[in-house]
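K.L.:
One structure is given below, represented as structure tokens, and several questions about it will come after.
The values are calculated or read from the model by the stated rules, or taken from the named source; none is laboratory data. In this text the structure is predicted, and so the values were computed from the model without any measurement. So basically every Cβ, Gly included, is an ideal-geometry build from the backbone, and we count neighbours across all protein chains shown. Side chains included, ligands, DNA and RNA excluded: accessible areas come from the protein's heavy atoms. Shrake-Rupley method; radii C 1.70, N 1.55, O 1.52, S 1.80 Å.
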Amino acid sequence: MNEAVAREAANEADEVRTVEDDNIDDMYLTFKVGDEDYGVVISVVTEIVGMQRIMGIPDVPAYIKGVINLRGKVIPLMDVRLRFNMPEREYDERTVVIVLDVGEAPMGLIVDRVSEVLEIPASQIDRTNNGPANSRRSVVSGLGRIDERVAILLDENLLVSDSDVSLAVEVDA
Amino acid sequence: MSTEPEVATDAPQASALMRVSSDKISRLMDLVGELSLSVSETVNSPELQGLELNSFDAAAHRLSMIVREVQDAATDLRLVSVDEVFKRLRRMIREMERETGKSINLVIEGGDTAIDKLVSDRLYDPLLHVLRNAADHGLEGPEEREANGKNRKGRITLGAAQVGSEVRIMVSDDGRGLNHERILKKAREKGLFGPDEVPEPAVLNKVIFEPGFSTAENVSKLSGRGVGMDVLNQTMKELRGRITVDSAEGKGTDVALHIPVSLAFLDCIILRLGSRMFAIPVDDIAEIVKPNSQDLVEISADSGAEMMRLRGAFVRVCRLEHFYEEDDSDLRPLSDMVTIVFKTTTGQIAVPVDEVLDRQQVVMKPMVGALANVRASWGCALLGTGEVAVVLDGERLSQGGAS
């Protein structure tokens, strides 16, 4: 490879990265579950793939539907509807899997459809989990205001953990 | 781009050794694993079904054979002799002699046995604990030994041997042996057995490896705090190994660690139960049986437990639906199923499945994140078809659902 060209390409890539670094913490991937808009911070999203054949696994909570083999990586899939105690729905051609990498372990979220990547600065996010009655940490980290709409921003660490999230949804539903 | 070669080329002899970083070997192993999967995926592609492809089949067969050989060669790259660990342990013996006031003769056997470098790196700590246990609790003091007509110098044998696809590492002492009465008393205090329960000696021997269990009344600097055994258990679990203990009162104790030679690939039988796939290491299987209805007994007095007669003896049936506490309203009768009979240290168990599919060298993946709590499993197996199967651990299945 021509080294000068390579170096230039590397510099260019670096520049792009710096631009992204500035606001990547404010970038959210938004998706639909039922009528609600949800968002996860983009830095934990590794890829988005179409629905594929799920293989069942024993001894996991009901909302873990099984695993997929993504190019040799075994990824457990969480049905977000079941995780939030929403009615189950048959997967269709818009159903997608958002693959997250949280704490070194992968997790795929099955959602109704992905919407878009949005920049939501901290100033436009209302924190929801500081109410005095709410002693448990909520899986909802905040509500992002985007024009007229609201995106429910999720705490990815709590989302993929085993803890019960029913309360959080009741608060926001 | 150029990377510095890590290989010293100044010794061009045929048998020259190379130093290669373990990262490079790991990368190669990963790639070989992926290669093997892709080849299987290609060869077993559903689009080829029903086609007459004579020369393709022959070429595919040859390709699979070569991949198998590459896999073996890659596995071989990572094998080292256990002597490295044994030598480090030998150095500790002098310290143990000083701390216990006993004189110890350490005999090493089978130091040239080959083992996965990843395994060998993990063996030192657990083996040190087993050795310390033998030196501290197993061997008697010189006076007691003399009184019992033994050599004043205690003997500990540290041996290794390959048995099938397993390496067996033995720590044997010629000490006082396990005191079953004292172990049982202690185990009852800890609530491991009921007051009237009389466990088999083999079961009782294994109790000494229960977390937090230690019968030594005097906690010494070396051992007796029950912590070392936790390290041993944890490491053995991660290495997919088993521990067996054999002891004769007054004669000594043998502790054996059974560890797979390689961690990367595993020779498995692939099974289907309902919509799920399972894999079982070939070495754990005693036999595969299609039960006849006259050989099956259901015991209502024992909440419907099922037993299967196998060559005159009854074997406990362990349904995975029961083990995993799942919906069992729709179980198929055993006479319609195939049962896999596992060999375990507490006897045989029969696990019924719908279908036996194949025998394969599978690539193992650890269960992490949301899958970390799946019980009685060694990990996930990636199959040639691209499917994923849960690799079952018969030992923990036989111990029942309580985790």
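K.L.:
Against the condition of a type in the set (G, A, S), open to solvent by less than 50 Å² (accessible area, probe 1.4 Å) and out of contact with any His (no Cβ under 6 Å at 6 or more places or on another chain), how does B:G304 come out, does it pass?
P.N.:
For B:G304, the condition - of a type in the set (G, A, S), open to solvent by less than 50 Å² (accessible area, probe 1.4 Å) and out of contact with any His (no Cβ under 6 Å at 6 or more places or on another chain) - is met.
K.L.:
I've got another one for you. Please verify whether segment A:94-110 includes one or more residues that are open to solvent by less than 10 Å² (accessible area, probe 1.4 Å), touching a residue at least 12 places away in the same chain (Cβ under 8 Å), closer than 15 Å to A:Y28 by Cβ and more than 14 Å from every other protein chain (Cβ to nearest Cβ).
P.N.:
Yes, segment A:94-110 contains at least one residue that is open to solvent by less than 10 Å² (accessible area, probe 1.4 Å), touching a residue at least 12 places away in the same chain (Cβ under 8 Å), closer than 15 Å to A:Y28 by Cβ and more than 14 Å from every other protein chain (Cβ to nearest Cβ).
K.L.:
Go through segment A:55-67 and report how many residues are free of Cβ contacts under 8 Å to residues at least 40 places away in the same chain and more than 9 Å from every other protein chain (Cβ to nearest Cβ).
P.N.:
Matching residues across segment A:55-67 total 2.
K.L.:
Related question: Mind counting the residues in segment B:283-310 that are β-branched (V, I, T) and either touching a Pro at 6+ places or on another chain (Cβ under 7 Å) or at pLDDT 90 or above (or both)?
P.N.:
Adding up the residues that qualify gives 3.
K.L.:
Suppose we filter segment B:252-303 for residues that are among the charged types (D, E, K, R) and over 22 Å from B:L357 (Cα atoms); how many remain?
P.N.:
Here the count works out to 4.
K.L.:
Another question, if that's okay. Search segment B:107-119 for residues that are not assigned by TED's automatic domain parsing to the domain that holds B:D173 and pair each with any residue that is polar (S, T, N, Q) when their beta-carbon atoms are under 7 Å apart and the residues are at least 6 apart or on different chains.
P.N.:
none
K.L.:
Hey, can you tell me all the residues within segment A:80-93 that are more than 12 Å from chain B (Cβ to nearest Cβ) and touching a Phe, Trp or Tyr at 6+ places or on another chain (Cβ under 6 Å)?
P.N.:
A:L82 - this is the single residue of segment A:80-93 that is more than 12 Å from chain B (Cβ to nearest Cβ) and touching a Phe, Trp or Tyr at 6+ places or on another chain (Cβ under 6 Å).
K.L.:
With segment B:311-403 as the region, which strands (runs of 3 or more DSSP E) entirely inside it contain at least 1 residues that are among the aliphatic types (A, V, I, L, M), away from chain A (no Cβ under 11 Å) and free of Cβ contacts under 8 Å to residues at least 24 places away in the same chain?
P.N.:
B:313-317
K.L.:
Could we say that B:R62 is out of contact with any strand residue (DSSP E or B) (no Cβ under 6 Å at 6 or more places or on another chain), free of Cβ contacts under 8 Å to residues at least 60 places away in the same chain and farther than 21 Å from B:V119 by Cβ here?
P.N.:
In short, yes.
K.L.:
Now, a different point. Only residues that are within 17 Å of B:M307 (Cα to Cα) and touching a helix residue (DSSP H, G or I) at 6+ places or on another chain (Cβ under 6 Å): list them for segment B:276-291, please.
P.N.:
Of everything in segment B:276-291, just one residue is within 17 Å of B:M307 (Cα to Cα) and touching a helix residue (DSSP H, G or I) at 6+ places or on another chain (Cβ under 6 Å), namely B:P291.
K.L.:
Determine the pairs where a residue that is surrounded by fewer than 20 Cβ atoms within 10 Å (Cβ to Cβ), located within segment A:26-50, has a partner that is among the β-branched types (V, I, T) and part of a loop (DSSP other than H, G, I, E, B) with Cβ atoms under 9 Å apart, the partner being 6 or more residues away or on another chain.
P.N.:
A:D26/A:I120; A:M27/A:I120; A:G50/A:T95
Conditions tested, residue by residue: (1) surrounded by 18 or more Cβ atoms within 10 Å (Cβ to Cβ); (2) of a type in the set (D, E, K, R); (3) assigned to a helix (DSSP H, G or I).
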{"site": "B:K102", "(1), (2), (3)": "yes, yes, no"}
{"site": "B:N105", "(1), (2), (3)": "no, no, no"}
{"site": "B:D112", "(1), (2), (3)": "no, yes, no"}
{"site": "B:V119", "(1), (2), (3)": "yes, no, yes"}
{"site": "B:P126", "(1), (2), (3)": "yes, no, yes"}
{"site": "B:A135", "(1), (2), (3)": "yes, no, yes"}
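K.L.:
Take the residues in segment B:71-91 that are part of a helix (DSSP H, G or I), modelled with pLDDT of 90 or more and open to solvent by less than 60 Å² (accessible area, probe 1.4 Å), then tell me which one is farthest from B:S120 (Cα to Cα).
P.N.:
Checked segment B:71-91; the qualifying residue farthest from B:S120 (Cα to Cα) is B:L89.
K.L.:
List the pairs whose first member sits in segment B:31-56 and is closer than 20 Å to B:A74 by Cβ and more than 12 Å from chain A (Cβ to nearest Cβ), whose second member is assigned to a helix (DSSP H, G or I) and open to solvent by less than 50 Å² (accessible area, probe 1.4 Å), and whose Cβ atoms are under 6 Å apart, counting only residues at least 6 apart or on separate chains?
P.N.:
Pairs that qualify, where the first residue is closer than 20 Å to B:A74 by Cβ and more than 12 Å from chain A (Cβ to nearest Cβ) and the partner is assigned to a helix (DSSP H, G or I) and open to solvent by less than 50 Å² (accessible area, probe 1.4 Å), are B:V39/B:V67; B:V43/B:A60.
K.L.:
For segment A:75-93, what are the residues that are free of Cβ contacts under 8 Å to residues at least 12 places away in the same chain and either under 24 Å from B:P366 (Cβ atoms) or in contact with a Leu (Cβ under 8 Å, 6 or more places away or on another chain) (or both)?
P.N.:
A:E88 - this is the single residue of segment A:75-93 that is free of Cβ contacts under 8 Å to residues at least 12 places away in the same chain and either under 24 Å from B:P366 (Cβ atoms) or in contact with a Leu (Cβ under 8 Å, 6 or more places away or on another chain) (or both).
K.L.:
Pull up segment B:355-400, narrow it to residues that are closer than 23 Å to B:M29 by Cβ and of a type in the set (S, T, N, Q), then point me to the one that is most open to solvent (accessible area, probe 1.4 Å).
P.N.:
Among residues in segment B:355-400 that are closer than 23 Å to B:M29 by Cβ and of a type in the set (S, T, N, Q), the one most open to solvent (accessible area, probe 1.4 Å) is B:T385.
K.L.:
Please give the number of the condition A:L70 fails out of (1) more than 8 Å from chain B (Cβ to nearest Cβ); (2) touching a residue at least 40 places away in the same chain (Cβ under 8 Å).
P.N.:
(2)
K.L.:
Within segment A:55-84, can you find the residues that are open to solvent by 50 Å² or more (accessible area, probe 1.4 Å) and either among the aromatic types (F, W, Y) or modelled with pLDDT of 90 or more (or both)?
P.N.:
Within segment A:55-84, A:A62, A:K65 meet the criteria.
K.L.:
OK, next. Go through (1) aliphatic (A, V, I, L, M); (2) more than 11 Å from the chain's Cα centre (by Cα); (3) more than 10 Å from chain B (Cβ to nearest Cβ) and name the single condition A:I42 misses.
P.N.:
Result: A:I42 passes all but (2).
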